[in-house]
Amino acid sequence: MFIHKFYTVLPDDDQSNKLPYQSNSLAFNYASLLNQFEEPSYSYRLIGFRDEKWSDWTEQSTKEFTNLFEGYYQFQVRSRDVMGNLSDVISYSFVISPPWYRTTFAYVGYFLLFISTFFVSFYAYRRRYKKEKLQLIENQKHEINIKDTELTQLMNDKLESEISHKKRQL
């Protein structure tokens, strides 16, 4: 059995290959030794794919799967001769790794980026809030000083007016 991109595979149930996501299109070539004089029929299935039912019997000895999603798969094939004798099921297990942006490390990175963005935004908002609060306090102090000055001026004017009025009365 051969896999596209020159991965050579021996039919062994315990064998598990990890393929990169870029190799998510596979072609399986298989042959039967049941009867070398007549063309056998084949039936296959890919466990972990959409439909895990056995395919219809066909004389084609190649099956291609394209754009497989990341995950665990097991390709199984069996053959049948013209007399109806079935071979043992031969299987090949493999794992397609996720692309880099769907790995655990990427999700951790996305989480850290989100948390960092949240804290930076919170810090910037808090800093702006404090700055605006200080500006408001400064403005209020300035207004109080102006009012205090005006009040002092008014009191001085009133006092001078009273003094002047008292002087006239005397």
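The values are calculated or read from the model by the stated rules, or taken from the named source; none is laboratory data. Remember, predicted model here, so these are calculated numbers, not experimental data. Every residue, glycine among them, receives a Cβ derived from its backbone with ideal geometry; neighbour counts consider all protein chains shown. Note: accessible area is taken over every heavy atom of the protein model, side chains too, but ligands, DNA and RNA are not part of it. Shrake-Rupley method; radii C 1.70, N 1.55, O 1.52, S 1.80 Å.
Summary of computed values
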| quantity | calculated |
| --- | --- |
| Pairs with Cβ under 8 Å, 6+ apart, first in the range 83-97 and over 16 Å from THR58 (Cα atoms), second of a type in the set (A, V, I, L, M, F, W, C) and loosely packed, with under 15 Cβ neighbours inside 10 Å | ILE96/PHE69 |
| Subset of the range 48-76 [polar (S, T, N, Q) and either in a strand (DSSP E or B) or more than 29 Å from THR104 (Cα to Cα) (or both)] | SER55, THR58, GLN60, SER61, THR62, GLN74, GLN76 |
| Any chance ASP148 is over 30 Å from LYS63 (Cβ atoms) and either in contact (Cβ under 8 Å) with a residue 40 or more places away in the chain or of a type in the set (D, E, K, R) (or both) | yes |
| Where GLN74 falls short, out of the listed (1) touching a Ser or Thr at 6+ places or on another chain (Cβ under 8 Å); (2) open to solvent by 40 Å² or more (accessible area, probe 1.4 Å) | (2) |
| Residue pairs meeting the criteria (Cβ under 8 Å; at least 6 apart or on separate chains; first more than 23 Å from TYR101 (Cβ to Cβ) and assigned to a helix (DSSP H, G or I), in the range 113-137; second open to solvent by 100 Å² or more (accessible area, probe 1.4 Å) and β-branched (Val, Ile, Thr)) | none |
| Test: residue in the range 119-142 that is over 52 Å from the mean Cα position of the chain (by Cα) and open to solvent by 70 Å² or more (accessible area, probe 1.4 Å) | yes |
| Residues (of a type in the set (Lys, Arg) and over 15 Å from SER32 (Cβ atoms)) located in the range 65-108 | ARG102 |
| Check on ILE163, open to solvent by 100 Å² or more (accessible area, probe 1.4 Å), in a helix (DSSP H, G or I), among the aliphatic types (A, V, I, L, M) and modelled with pLDDT under 95 | no |
| Selected residue (criterion: modelled with the lowest pLDDT) from residues of the range 29-47 that are crowded, with 17+ Cβ neighbours inside 10 Å and not in a strand (DSSP E or B) | SER32 |
| Residue count for the range 77-91, restricted to those that are more than 24 Å from GLU52 (Cβ to Cβ) and open to solvent by less than 30 Å² (accessible area, probe 1.4 Å) | 1 |
